[in-house]
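Right, one structure below, let's go through it.
The values are calculated or read from the model by the stated rules, or taken from the named source; none is laboratory data. Treat the numbers as computed from the prediction; the structure is a model and nothing was measured. Positions of Cβ are generated from backbone atoms using ideal geometry, with glycine treated the same way; all protein chains shown enter the neighbour counts.
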Amino acid sequence: MLRGYKPWPEDLKRYYKQTGCWNGETFGGFLEKQGREMNDHIAITDGSEVLSYRELNNRVDQLAAGFMQMGIVKGDRIVLQLPNIFEFFEVCFALFKIGALPVFSLPLHRKTEISYFCAFTEAKAYIIPDIYDRFDYREMAREVKEAVPSLEHIIVVGDNKDFTALSNLYVSAIQPLPEVQADDLAFFQLSGGSTGLPKLIPRTHNEYIYSLRRSVEVCELDHKTNYLAVLPVAHNFTMSSPGVFGVLYAGGKIVLSKYPSPDLAFPLIERESVDFTSLVPPLAIVWLEARKRRSEDLSSLKVIQVGGAKCSAEIAKQIGPAFNCKLQQVFGMAEGLVNYTRLDDCDELVIHTQGKPMSKYDDIRIVDEEDRELPIGSTGQLQAKGPYTIIGYFNAEEHNGKAFTTDGYYRTGDLVKLTKEGYVIVEGRDKDQINRGGEKIAAEEVENYLLAHNNILDAAIVSMPDKFLGERSCAFIIQKHDELSAKDLKRFLQDRGIASFKIPDRFEFVDRFPYTALGKVSKKNLREIIIEKLNDEK
Ligand code: J2J
């Protein structure tokens, strides 16, 4: 058993198996089955090249053999940082078949985050594209390797320079694949986080495949589905709600778009008869605007999902009519619980709520600050437990004590209320996080990066409202000597190497922070201060 991983207790395992939620399937097993049954049906396309289910399964087997030959074994952690390309799937499923564990980082992560993921998980390999979105990942990999010397392999998709080329690892199998059980760990997802460093979310085959199966049912996918992936496939939403893994589970076709812009996405929708896709709210706004001026035939679209951040009713209202399709709101989290509006729900629910839990085995409650359950209709903290909601982060015992209740509920940090139909309305958040158009920023993480600056005495980051992104981030700074500018601090953070979305949008230099009665920095007051300033500037 991997150190730092707390497995599901036996009684819960038994319960979720008895109820049929966990059906014993593994990722490798289901791809194998699809390879046989779906055969020449297209699994993945990028609009020019295609890969059938049989070909995908064969390439996965060859790659699994190559990984084994280079010494990757069951239980090894492999940090994966690939955009929306075929190889993402080949690598994932090859690792799943061996029982090695992908750690899903996002294309925007930079050397600070990647070095941390590699060191924290004691990763054996790090897999990257050569260049993506004008960024050379090989240069970053060199720095990561320097920071984490225990990392054995850097594997590159494309021009490998002096690293290992992924393309050389497709070989014919000479040894059998190891046994992988459905209760085994399959991979690590990343938490949006609210404290110091990003937390890692351990997932087993059983629990995650249940969430795929149930998502496929709720979203009514089948082998005729043509799903367009525009958001990064490594994100939990695009991966599993129902996402690209849900599509493979249903035997449908994944259409990969490297970028989410309508210039790329709309022609793909037309050419590939896309009927289903997932967006974050700011992207929905961009698509709505583009729809007015572009001429592609998008009549194949049946469902547009919007999730990851609150979609305002004003935007929600426009999506159905503009694209002549259904809107589905999705309120989920990489830790588990996913809520969907249903495809036959009335407009009132679809426009004004964030859906209801996908499974009847999801157990949710809304509580006050002392964990006392609140009556329906009151706003409180959402807690969740169920067959696909984790019971602990990886190797984070102290944090787990705070993030989970003693009776096993995950504290989502979201403030919600329930409608009489049992639908969730997201009202706010009591976690120290900024949701920048779906991209999550743990305030404390960025504050710590800023505190490493020798002229910063204290830093506090809060959200500020933004019409397009929903929220942006504002850093309040107390400096030792009056000499810093916003530009200096942006450069300081960039040089440190962190994802660009974490760099504060605005810096406010102040002499002191407001404090709560308990002596903590009052982020509520800071938010009020910046809102007032923004209003004055209008
Ligand atoms: C308001 N807040 C939302 C929504 C997520 C499906 C969909 C999304 C995610 C995801 C996911 C929201 N309205 N519709 O993993 O499988 C905020 C909440 C939540 C946090 C989780 C999936 N949808 N949120 O966004 O792990 O605050 O997952 O707790 O990135 O995003 O973020 P993340």
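Tell me whether the range 48-64 contains one or more residues that are touching a strand residue (DSSP E or B) at 6+ places or on another chain (Cβ under 8 Å), at negative phi, among the polar types (S, T, N, Q) and in contact (Cβ under 8 Å) with a residue 40 or more places away in the chain.
no
Scanning the range 516-538 for residues that are among the charged types (D, E, K, R) and part of a helix (DSSP H, G or I), which turns out nearest to Asp432 (Cα to Cα)?
Residues of the range 516-538 among the charged types (D, E, K, R): 520, 523-524, 527-528, 532-533, 536-538.
Filter again for part of a helix (DSSP H, G or I), leaving 523-524, 527-528, 532-533, 536-537.
Numbers: Lys523: 9, Lys524: 11, Arg527: 12, Glu528: 15, Glu532: 21, Lys533: 21, Asp536: 26, Glu537: 26 Å.
Ranking the candidates gives Lys523 first.
Would you please name the residue that is surrounded by the most Cβ atoms within 10 Å (Cβ to Cβ), looking only at residues in the range 479-501 that are in contact with a Ser or Thr (Cβ under 8 Å, 6 or more places away or on another chain) and in a helix (DSSP H, G or I)?
Of the range 479-501, the ones in contact with a Ser or Thr (Cβ under 8 Å, 6 or more places away or on another chain) are 494, 496-498.
Adding the requirement that they be in a helix (DSSP H, G or I) leaves 494, 496.
On the way: Gln494: 12, Arg496: 15.
Restricting to residues being in contact with a Ser or Thr (Cβ under 8 Å, 6 or more places away or on another chain) and in a helix (DSSP H, G or I), the top hit is Arg496.
Counting only residues that are more than 21 Å from Tyr340 (Cβ to Cβ) and not basic (Lys, Arg), which one in the range 402-421 is nearest to the ligand (Cβ to nearest atom)?
In the first step, residues of the range 402-421 are kept if they are more than 21 Å from Tyr340 (Cβ to Cβ); the result is 402-408, 411.
Right, trim to not basic (Lys, Arg) and you get 403-408.
Numbers: Ala403: 12, Phe404: 14, Thr405: 16, Thr406: 21, Asp407: 20, Gly408: 18 Å.
Looking at the filtered set, the residue picked out is Ala403.
Which ones in the range 434-443 are more than 10 Å from the ligand (Cβ to nearest atom) and not in a loop (DSSP other than H, G, I, E, B)?
Just the residues of the range 434-443 that are more than 10 Å from the ligand (Cβ to nearest atom), to begin with: 434, 436-437, 441-443.
Ile434, Arg436, Ile441, Ala442, Ala443 - these are the residues of the range 434-443 that are more than 10 Å from the ligand (Cβ to nearest atom) and not in a loop (DSSP other than H, G, I, E, B).
On the given criteria, is Leu63 closer than 26 Å to Phe163 by Cα and in a helix (DSSP H, G or I)?
yes
Which of the residues that make up the range 21-33 are assigned to a helix (DSSP H, G or I) and surrounded by fewer than 22 Cβ atoms within 10 Å (Cβ to Cβ)?
Step one: filter the range 21-33 for residues assigned to a helix (DSSP H, G or I), giving 27-33.
Gly29, Phe30, Glu32, Lys33, listed by residue number.
Which residue is nearest to His109 (Cα to Cα), if the candidates are limited to the range 413-433 and must be part of a strand (DSSP E or B) and over 22 Å from the mean Cα position of the chain (by Cα)?
Result: Lys417.
I want to confirm something. Restricting to the range 295-315 and keeping residues that are away from the ligand (no atom under 16 Å from the Cβ) and surrounded by 14 or more Cβ atoms within 10 Å (Cβ to Cβ), which single residue is nearest to Gln328 (Cα to Cα)? Talk me through it step by step, then tell me what you get.
Taking the range 295-315 as the starting set, the residues that turn out to be away from the ligand (no atom under 16 Å from the Cβ) are 295-302.
Filter once more, so that each one left must be surrounded by 14 or more Cβ atoms within 10 Å (Cβ to Cβ): 296, 298, 300-302.
Working: Glu296: 22, Leu298: 17, Ser300: 16, Leu301: 13, Lys302: 10 Å.
The extreme case among them is Lys302.
Considering only the range 173-190, I want to know if a residue exists there that is closer than 22 Å to Tyr449 by Cα and touching a Pro at 6+ places or on another chain (Cβ under 6 Å). Lay out the reasoning, then the answer.
Going residue by residue through the range 173-190, those that are closer than 22 Å to Tyr449 by Cα are 190.
Going one step further and asking which of them are touching a Pro at 6+ places or on another chain (Cβ under 6 Å), we end up with 190.
Checked the range 173-190: at least one residue is closer than 22 Å to Tyr449 by Cα and touching a Pro at 6+ places or on another chain (Cβ under 6 Å).
How many residues does the range 286-319 contain that are assigned to a helix (DSSP H, G or I) and not charged (D, E, K, R)?
So the count comes out to 9.
Starting from the range 422-433, take each residue that is over 16 Å from Gly196 (Cα atoms) and near the ligand (Cβ under 9 Å from one of its atoms) and list its partners that are outside any strand (DSSP E or B) and among the charged types (D, E, K, R), counting only C-beta distances under 7 angstrom and pairs at least six apart or across chains.
As it stands, the answer is Val426/Lys310, since those pairs meet every condition given.
When the range 444-469 is examined, which residues are found to be part of a loop (DSSP other than H, G, I, E, B) and within 27 Å of Thr112 (Cα to Cα)?
Going through the range 444-469, the residues part of a loop (DSSP other than H, G, I, E, B) turn out to be 452-455, 467-469.
Residues satisfying the conditions are Ala452, His453, Asn454, Asn455, Leu469.
So Val462 fits all but one of (1) in contact with a Phe, Trp or Tyr (Cβ under 8 Å, 6 or more places away or on another chain); (2) away from the ligand (no atom under 16 Å from the Cβ); what number is the exception?
Every condition holds for Val462 apart from (2).
Of the conditions (1) touching a His at 6+ places or on another chain (Cβ under 9 Å); (2) free of Cβ contacts under 8 Å to residues at least 60 places away in the same chain; (3) within 14 Å of the ligand (Cβ to nearest atom), Gly246 satisfies every one except a single condition; which number is it?
Checking Gly246 against (1) touching a His at 6+ places or on another chain (Cβ under 9 Å); (2) free of Cβ contacts under 8 Å to residues at least 60 places away in the same chain; (3) within 14 Å of the ligand (Cβ to nearest atom), the one that fails is (1).
So which of Arg496, Arg506 is free of Cβ contacts under 8 Å to residues at least 60 places away in the same chain, closer than 30 Å to Asp133 by Cα and in contact with a helix residue (DSSP H, G or I) (Cβ under 9 Å, 6 or more places away or on another chain)?
On the way: Arg496 fails: free of Cβ contacts under 8 Å to residues at least 60 places away in the same chain.
None of the other options fit; the residue is Arg506.
Only one residue in Arg203, Arg271 is at pLDDT 95 or above and within 16 Å of the ligand (Cβ to nearest atom). Which one?
Arg203
Hey, Phe468 hits all of (1) in contact with a Pro (Cβ under 9 Å, 6 or more places away or on another chain); (2) surrounded by 12 or more Cβ atoms within 10 Å (Cβ to Cβ); (3) within 30 Å of Tyr137 (Cα to Cα) but one; which does it fall short on?
Unmet for Phe468, out of (1) in contact with a Pro (Cβ under 9 Å, 6 or more places away or on another chain); (2) surrounded by 12 or more Cβ atoms within 10 Å (Cβ to Cβ); (3) within 30 Å of Tyr137 (Cα to Cα): (2).
Among the numbered criteria (1) more than 16 Å from the ligand (Cβ to nearest atom); (2) in contact (Cβ under 8 Å) with a residue 24 or more places away in the chain, which single criterion is violated by Glu289?
Tallying (1) more than 16 Å from the ligand (Cβ to nearest atom); (2) in contact (Cβ under 8 Å) with a residue 24 or more places away in the chain, Glu289 fails exactly one: (2).
For Ser194, which of the numbered conditions (1) within 23 Å of Ile434 (Cα to Cα); (2) more than 11 Å from the ligand (Cβ to nearest atom); (3) in a loop (DSSP other than H, G, I, E, B) fails to hold?
(2)
Residues being free of Cβ contacts under 8 Å to residues at least 24 places away in the same chain and either in a loop (DSSP other than H, G, I, E, B) or within 16 Å of the ligand (Cβ to nearest atom) (or both): count how many of those fall in the range 320-378.
Looking only at that region, the number is 11.
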